[in-house]
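To start, the structure under review is shown below, and the notes come after it.
The values are calculated or read from the model by the stated rules, or taken from the named source; none is laboratory data. All figures in this text were calculated on a predicted structure; none of them were measured in a lab. As a convention, Cβ positions derive from the backbone with ideal geometry for all residues, glycine included, and neighbour counts pool all protein chains shown. All accessible areas refer to the heavy atoms of the entire protein, side chains included, with ligands and DNA or RNA removed. Shrake-Rupley method; radii C 1.70, N 1.55, O 1.52, S 1.80 Å.
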Amino acid sequence: MDDGGMGARVLVVEDDPTLGGGLVATLAASSYEVRWARDCAQARALMTSGPADLVLLDLGLPDGDGVELCRQIRALDNQVVVVVVTARTDEADAVLALDAGADDYVAKPFRTVELLARLRAHLRRRDALGQPDLRVGRTRLDLRARRAWVGEAELPLRPKEFELLVALASTAGTAVRREQLMDDVWDEHWEGSTKTLDVHVANLRRKLADAGERWDRIATLRGFGYRFELD
Ligand code: CA
């Protein structure tokens, strides 16, 4: 199953050697396939020489306007995820970049874990859009129609239950942290009780069981999170 980005091709566009080097090392250590462009010209050359799944784009580049580069990248590839990295003082540019086709932006300084979580979420979403069906064992999801079945029985899921099932089923066989699920299913800045997650998991288990699925298809990992079990 897709795991939200492992092996995805990331193009880092960053002229700052320390920041760029750090990003490249971190992404490579997280199993991404990374290429690094230090200016607009290199970025264009790398984009044309081979596709990327995600571009991490610094707006302040030595040889041109990052917003314009964003527009050019989008023109070359309308599937690639573009995440803009910007200094706090340049938030107006970040807004321009969103208008120019960027999917998201992060302000410097950022926490690496947060950036990685955001990249994973974007890549998962992108993969989900290109993939009408997700199947794990007898569980099947139609991501466009937002419907789910166990065998022939359709699950009567509420919106958040559906998203939780997507998050769990798309990482089937892998342990997923509670925080990750909260980020994926609820707002990333959501600070409510994590009891909400447990309640939704309990509802999901009950609905899966009603449709003939094993009660323990979603395993609880104490002190960690959950795992959607493969057969
Ligand atoms: Ca820069």
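Quick one: of the DSSP bridges fully inside the chain, what percent are antiparallel, nearest 5? Here the share of antiparallel DSSP bridges comes out near 50 percent.
Classify the range 64-170 from the C-alpha gyration tensor, please: rounded if a/c falls under 1.5, else prolate or oblate depending on whether a/b exceeds b/c. Since a/c reaches 1.5 and a/b is larger than b/c, the shape of the range 64-170 is classed as prolate. Roughly how many percent of the accessible protein surface of the chain is carbon and sulfur, given a 1.4 Å probe and a whole-percent answer? With neighbouring chains kept in place, the figure for the chain is 50 percent. Taking a spot 7 Å from the Cα of Phe110 along the direction of its beta carbon, which residues of the range 44-66 have an amide N less than 12 Å from it? Of the residues in the range 44-66, 55-59 have backbone N under 12 Å from the label point off Phe110. Counting only lysines at least 8 places from Lys160 when in the same chain, those with an alpha carbon closer than 19 Å to its own are Lys195, Lys207. Entry comment: accessible area of the range 9-129 is 46 Å² per residue, from protein heavy atoms only and a probe of 1.4 Å.
Per residue, the solvent-accessible area of the range 134-228 (1.4 Å probe, heavy atoms of protein chains only, all protein chains present) comes to 53 Å².
Convex hull of alpha carbon positions in the range 9-129: directionally averaged projected area 6.6 nm². Could you tell me the calculated FRET efficiency between Ala219 and Arg178, based on Cβ-Cβ distance and R0 = 22 angstrom, to the nearest 0.05? It comes to 0.95. Based on DSSP H segments of at least four residues, each scored -39500 (n - 2.57), the chain has a per-residue ellipticity at 222 nm of -13000 deg cm²/dmol. Asn203 to Asp63: FRET efficiency via 1/(1 + (r/R0)^6), r the Cβ-Cβ distance, R0 41 Å, to the nearest 0.05? Calculated transfer efficiency: 0.15. In units of the rule-of-thumb radius 2.2 N^0.38 Å, the chain shows an alpha carbon radius of gyration of 1.11.
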